[in-house]
Amino acid sequence: MPDTTSSASAFNFLEKIGAPFLHLIRSLGRVAFFLARALVKIFAKKQLQSIAQHVYYIGARSAPIVMLVGLFTGMVLGLQLFHTLVRFGSAGVLGSAVGLTLVRELGPVLTAIMITARAGSAMSTEIGIQRITEQIDALQTMGVDPLRYLVSPRIAAAVISFPILTALFDLIGFLGGFLTGVVLLGLDAGTYFYRLQSSILFEDINGGFVKSLVFAIIVTTVCCYNGFYTHLRKDSFGAKAVGLATTSAVVISCVLILISDYVVTSILL
Amino acid sequence: MTPPLIELRNVKKSFGSKVVLDGVNLTIEQGQVTTIIGKSGTGKSVMLKNIIGLMEPDEGTILFKGKDIKTMLPHERQDYYCQLSYMFQNNALFDSMTVYENIAFPLEQTTELGTEEIRTRVRKKMEQTDLLGVGSRFPSEISGGMQKRVAFSRALVTQPEIVLFDEPTTGQDIVRRNAILSMIAEYKKKFGFTAIVISHDIPDILFISNRVLVLHQGKIVFQGTPQELESFEHSYVDEFIESLEGFKEHLTGLYSRRSFKMRYHNTLSKKKQDENYCIAIFAIADFSKVCDDLGFVTGQNLLKELGNYISKHFDPVGGFSARQRRSRFLTVLPQATIDEARQLLESFGKDVEENGFSSAVDPFFDPGGRCHDLTILAGYAEGVSDQENLNDVLVKARKNLYAIAEIKCVARR
């Protein structure tokens, strides 16, 4: 006769492991469906003005902070790499080191993280508040598709803005490296720019842009999704749910940026 | 036979263990104003949200022109939703848009109208709802009543065919409440739209309603005309109307019309066949002019005092009274003969003339300083308990109306 107690506890154990896994799979499916529908609706009518507004908010308004972070990242890279390279007698390749690090890795990643902190959190909060105050329901009752109106323009705007901001970050980063390497530490300016120009290939720039596009889609999808389904959270309600949705959106976005960075890098190399 | 515009069949909806809609069956007819009444928290809003597609029923079907909306093709469902507009109970205004932008939003997003046409329509709607001065303000910068009117304008700006109003007059002063109700009635007349209204503003809302539905404990317990509602026997309706009419009793100190009716039937049913009873009616002559000249508040005070006089003279002899019209009172004297009734009325008139209306002495002078006389009219008649109905006896009493007390303003001064 089978031991029913042990089989029941085994079943409970499996259930405990399986439930979060099934939840994860379901969530991923929902996110994928959410993204697919939002992408299709980018090409709907009356989207241009809305996309332009979000490009201004996500792109233009984020430019100062991206430039500031880019400058100091370039400066600290210049400083660290100069002292490291001097030990090996190869300070002359500082331009290459700064350039490749920024274009391939730090430019896209740090830009995405900065935009997540600035615009992604705002997206999640704004949509979350609209959800709990029935504004999204109001859109639906007016025959306005909430995904088309709230999510699609943000994804389109992020796809436009992320690569441009990444390029800006890279350029300002080069300048930061120049300030510490050349102006502060006395490296020859011609050498710095020659190495910078000769070592960065089109593939490197292309790879950086591919990453920034992937990050754009990840950040906007995660942030909009968390805001859009604030009301379905089981851990809290109302204003608290909006706060937690925003926190989740930022944390998940940052983690996914780093994970996807590794995945894209391994594909590109 | 044409199917109803919207029909709910055995619709059930629960939230966890709480059953909100427990097999709702109802029909909404085209071109009518249907009012849903019921206590707070009984699921009226949930029912509307099921109709508009914001929620899905756990069980049951919702039919639009006889077709189940669940089995409709996507474009058919889209057509259905496009004909609907919904005014939310808590307004659901877009808080980052101005009042003007809120009202213009559905036109900008769902129509191909030009900017100028949109501006004209929005301005017209704002004018109708008394919002012209606040177009550039944000919802958080205006009062709750104004926000309600913005939501109302937004719901109507696209001239939808079916509009669902969730408490459209809550928080409005009496003038604006009437304006909103008039607009619903006017729109129905003008565009023939169908309105489903949740409201607690009874009896006002009933004046513009073609049908009334009563939602009680998750079920529709009544569907019919406002007139039919009055004679509908149900604990909820009794409770509801009693609470409403309690206020009227407080105002005049007399029976409410419903209680009066019940007392009348109970008393007369106990009388023997062919047994007589008397009625008396009382009124203030030219009451409308009195109100115009001396003001509404003075008019109400006079009615209240007249009610007290009636109660003082006729309650001790087994009579019972109610306000019948704006300024007319009806008293039934079940035990009195016609002579006794005449004597009681004479004593009543004498008392009024001698003691007058103490709280309204000064207001007998209008703001221009002119003095106004006051005449109290009375009439009486005899009825036979099982042969004449009350209206026939009333007609006889009205024919015998005469001035029972005259209060001359000079004498009062």
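The values are calculated or read from the model by the stated rules, or taken from the named source; none is laboratory data. Since this is a predicted model, take the numbers as computed values, not measurements. Reconstructed Cβ throughout: ideal geometry from the backbone, glycine too, with neighbour counts over all protein chains shown. Just so you know, the surface numbers come from the protein's heavy atoms only, side chains and all, with ligands and any DNA or RNA stripped out. Shrake-Rupley method; radii C 1.70, N 1.55, O 1.52, S 1.80 Å.
Which ones in segment B:302-345 are among the charged types (D, E, K, R) and closer than 16 Å to B:I284 by Cα? First the steps, then the outcome.
Of all residues in segment B:302-345, those among the charged types (D, E, K, R) come to B:304-305, B:312, B:315, B:323, B:325-326, B:328, B:339-340, B:342.
Once the filter is applied, which keeps residues that are among the charged types (D, E, K, R) and closer than 16 Å to B:I284 by Cα, segment B:302-345 yields B:K304, B:E305, B:R323, B:R325, B:R326, B:R328.
Mind listing whichever residues of segment B:159-175 are in contact with a strand residue (DSSP E or B) (Cβ under 8 Å, 6 or more places away or on another chain), crowded, with 19+ Cβ neighbours inside 10 Å and either in a loop (DSSP other than H, G, I, E, B) or among the aromatic types (F, W, Y) (or both)?
Going residue by residue through segment B:159-175, those that are in contact with a strand residue (DSSP E or B) (Cβ under 8 Å, 6 or more places away or on another chain) are B:160-168.
Then keep just the ones that are crowded, with 19+ Cβ neighbours inside 10 Å; that gives B:160, B:162-168.
Correct list: B:P160, B:F165, B:E167, B:P168.
Hey, any hits in segment B:7-23 for a residue that's part of a loop (DSSP other than H, G, I, E, B) and modelled with pLDDT under 90?
Restricting attention to segment B:7-23, the residues satisfying the condition of being part of a loop (DSSP other than H, G, I, E, B) are B:16-17.
When the remaining residues are screened for being modelled with pLDDT under 90, the result is B:16-17.
Yes; the residues of segment B:7-23 include at least one that is part of a loop (DSSP other than H, G, I, E, B) and modelled with pLDDT under 90.
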With the first residue restricted to segment B:81-92 and required to be facing chain A (nearest Cβ under 7 Å), and the second required to be open to solvent by 10 Å² or more (accessible area, probe 1.4 Å) and charged (D, E, K, R), Cβ contacts under 6 Å at 6 or more apart or on different chains are B:F88/A:E134; B:A92/A:E134
Which of (1) more than 12 Å from chain A (Cβ to nearest Cβ); (2) surrounded by fewer than 23 Cβ atoms within 10 Å (Cβ to Cβ); (3) within 25 Å of B:L8 (Cα to Cα) is the odd one out, the single condition B:F64 does not satisfy?
(2)
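If I ask for residues that are in contact with a Lys or Arg (Cβ under 7 Å, 6 or more places away or on another chain) and within 8 Å of chain A (Cβ to nearest Cβ), which ones from segment B:106-127 would you list?
Just the residues of segment B:106-127 that are in contact with a Lys or Arg (Cβ under 7 Å, 6 or more places away or on another chain), to begin with: B:106-107, B:109.
Within segment B:106-127, B:P106, B:Q109 meet the criteria.
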With closer than 17 Å to B:V221 by Cβ, open to solvent by less than 80 Å² (accessible area, probe 1.4 Å) and assigned to a loop (DSSP other than H, G, I, E, B) as the only criterion, which of B:T42, B:T27 stands out?
B:T42
Sort out which residues of segment A:82-139 are within 14 Å of another protein chain (Cβ to nearest Cβ), of a type in the set (G, A, S) and either surrounded by fewer than 18 Cβ atoms within 10 Å (Cβ to Cβ) or part of a loop (DSSP other than H, G, I, E, B) (or both), and write them in order of number.
A:A122
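Condition test on B:V33, is it in contact with a strand residue (DSSP E or B) (Cβ under 8 Å, 6 or more places away or on another chain), of a type in the set (A, V, I, L, M, F, W, C), surrounded by 15 or more Cβ atoms within 10 Å (Cβ to Cβ) and more than 14 Å from every other protein chain (Cβ to nearest Cβ)? Please lay out each step first, then the result.
Numbers: in contact with a strand residue (DSSP E or B) (Cβ under 8 Å, 6 or more places away or on another chain): yes; of a type in the set (A, V, I, L, M, F, W, C): yes; surrounded by 15 or more Cβ atoms within 10 Å (Cβ to Cβ): yes; more than 14 Å from every other protein chain (Cβ to nearest Cβ): yes.
Yes, satisfied.
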